[in-house]
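The values are calculated or read from the model by the stated rules, or taken from the named source; none is laboratory data. Quick caveat: nothing in here was measured; it's all calculated off a predicted structure. Virtual Cβ from ideal backbone geometry, glycine too; neighbours counted across all protein chains shown. Side chains are part of the model used for accessible areas, which takes the heavy atoms of the whole protein and leaves out ligands, DNA and RNA. Shrake-Rupley method; radii C 1.70, N 1.55, O 1.52, S 1.80 Å.
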Amino acid sequence: AAMQRFLGPLLCLWALRLPAGRGVAARGLDVASYRERVRAMFYHAYEHYLESAFPYDELRPLTCDGQDTWGSFSLTLIDALDTLLILGNVSEFQRVVNVLQEGVDFDIDVNASVFETNIRVVGGLLSAHLLSRKAGLEVEAGWPCSGPLLRMAEEAARKLLPAFQTPTGMPYGTVNLLHGVNPGETPVTCTAGIGTFIVEFATLSHLTGDPVFEDVARKALKALWKNRSDIGLVGNHIDVITAKWVAQDAGIGAGVDSYFEYLVKGAILLQDKELMSMFLEYNKAIKNYTKFDDWYLWVQMYKGTVSMPVFQSLEAYWPGLQSLIGDVDNAMRTFLNYYTVWKQFGGLPEFYNIPQGYTVDKREGYPLRPELIESAMYLYRATRDPTLLELGRDAVESIEKISKVDCGFATIKDLRDHRLDNRMESFFLAETIKYLYLLFDPDSFIHNDGSDFDVVVTPYGECVLNAGGYIFNTEAHPIDPAALHCCRKRREEQWEVEDLMREFYSRKKTKKFTLKRAPDRGEGENAKDPEDASSEKAGEKRNSKKSSHSLLSCPSQSFNSKLAVLGQVFLDNT
């Protein structure tokens, strides 16, 4: 009964929509003006990336050049693609799609983060694929069950599959895109790096008809669930071969965060009671052991004793997640705690010592993360509380004042003295700008209440798309949940229908019909197009400057050197 109570309103819950365009002025705040300022921020960063950094992954705004970070995919371009459409720039969306088709090559000798490649590349391509028709692209017959961006997403995801070939089903953190998992690869992976695949991989399985992606994502989720502690908590890093926890800190922040996020979003996307039940059990344990006065601390996963009384900026997604399960009152109280930290520093430091009310040594930076803005966007849709718009205002003012430089926006190395670092992560355009813009744009198609939709014809019948209820992956790439039902007739079901038809006509002694089975993926019209000369040339150009290793391998800084390892909070060398 409790599950029915949650799951009923859950399926379209995050929208909690009020009529679009309804009074959004907050205490004199000019929403339209701030929306246009956010648009200008996007183009200041985007145009300098194109001018100074493309085809590298990221812009280095202090030196006006580029660098590869997560695998050398022109990552900022992929991450920014759906933001372009949300800002209404259809022509640039179309141009970038063509650039990506010609220039991105996944058959390269690069060690890439499995987690980051999934959320940024696979997620970005899937979102762009599902938005292609809205962006005015001429889609091929069979869309959304086929298309060039879908094939790119599938190719990228297949490069990640070798990482899941472990005794536990939990993936390695890094994979070589050409050779698979390196023989000496560490088996230690962060929890989020294991449990953050179901949104992208299930979408891919439903669109392509290949269940392997959803299967491996579910197996990884269930492996983490199986290895939770007796008090219902999971740690931060685990050995994917032995299933032994290496870092035993339990919390809602870095290294764990998007695991919880994907249990909720996977439940909504797939209407899956089991995933929601898992999250609700975790939620009880989190409230029992980590929650203090609407803050969430880090505790030892087996004992529940506090190991680190800090708030991390990555935890600021939690109020938004609470809103998705209808826990709006608790979400607002926690959000307001986090907002006080923003007001204190003009941003969220990576670590904030709650008892001392100040930053943690060597964790004073703010890399322009989106999480607090993300929560504000969700909560504003649910409550229309003007305080949430004020956070958006403060974010625009702070980022422009502190972070803006001639060539873009720079990571804030230290919020105390506003020193900058020479990096602009791709999530600034994928998430931070997007959530800010959506906070100030009540009429966006993303906020559609279902009154407007498109009907498309697929090989499996008519399909309704773009009716709203978009599910954002953890990189803020919106997935249309209705699309998962456009291609859902499995090939086996189609064959069963054909067999029944044969039997029917045979019994009626009518003339025989020969019904051809649908070609397998990779055959016929769904076969991958051979690379043309321009694609090969683009690939050669990009390969000439690729680094052989990604700089990072987990969704945040390595927690082996930051969090408690077997009870020790910080290592001496940090």
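Key figures
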quantity	calculated
Helices (runs of 4 or more DSSP H) completely within the range 1-86 that count 2 or more residues being at pLDDT below 95, closer than 23 Å to K265 by Cα and open to solvent by 10 Å² or more (accessible area, probe 1.4 Å)	2-10
Filter result (part of a loop (DSSP other than H, G, I, E, B) and either out of contact with any helix residue (DSSP H, G or I) (no Cβ under 7 Å at 6 or more places or on another chain) or open to solvent by less than 10 Å² (accessible area, probe 1.4 Å) (or both)) within the range 105-131	F106, D107, I108, D109, V110
Long-range neighbours under 6 Å by Cβ, at least six apart or interchain, first residue under 13 Å from Q322 (Cβ atoms) within the range 377-388, second surrounded by fewer than 22 Cβ atoms within 10 Å (Cβ to Cβ) and not β-branched (V, I, T)	A382/L16
Boolean, R363 is under 25 Å from R333 (Cα atoms), assigned to a helix (DSSP H, G or I), touching a strand residue (DSSP E or B) at 6+ places or on another chain (Cβ under 8 Å) and open to solvent by 10 Å² or more (accessible area, probe 1.4 Å)	no
Residue satisfying all of: in the range 411-459; hydrophobic (A, V, I, L, M, F, W, C) and in a loop (DSSP other than H, G, I, E, B); most open to solvent (accessible area, probe 1.4 Å) among these	F453
Matching residues, the range 336-351, being part of a helix (DSSP H, G or I) and of a type in the set (D, E, K, R)	K343
Number of positions in the range 218-227 that are in contact with a helix residue (DSSP H, G or I) (Cβ under 8 Å, 6 or more places away or on another chain) and free of Cβ contacts under 8 Å to residues at least 40 places away in the same chain	1
Yes/no for F440 being touching a strand residue (DSSP E or B) at 6+ places or on another chain (Cβ under 8 Å) and touching a residue at least 24 places away in the same chain (Cβ under 8 Å)	no
All positions within the range 228-252 that are open to solvent by 40 Å² or more (accessible area, probe 1.4 Å) and under 15 Å from C190 (Cα atoms)	R228, I241, T242, K244, V246
Residue within the range 367-385 that is open to solvent by 20 Å² or more (accessible area, probe 1.4 Å) and among the aliphatic types (A, V, I, L, M) present	yes
Pairs, first more than 19 Å from L368 (Cα to Cα) in the range 45-74, second of a type in the set (D, E, K, R) and surrounded by fewer than 21 Cβ atoms within 10 Å (Cβ to Cβ), C-beta under 6 Å, six or more apart	S52/D65; P55/R542; S72/K546
Filtered residues of the range 261-285 (kept if open to solvent by 20 Å² or more (accessible area, probe 1.4 Å), within 15 Å of V234 (Cα to Cα) and not charged (D, E, K, R))	L280
Inter-residue pairs, beta-carbon under 6 Å, first free of Cβ contacts under 8 Å to residues at least 60 places away in the same chain and in the range 190-216, second aromatic (F, W, Y), 6+ apart	S205/F213; F213/F201; E214/F201; V216/F164
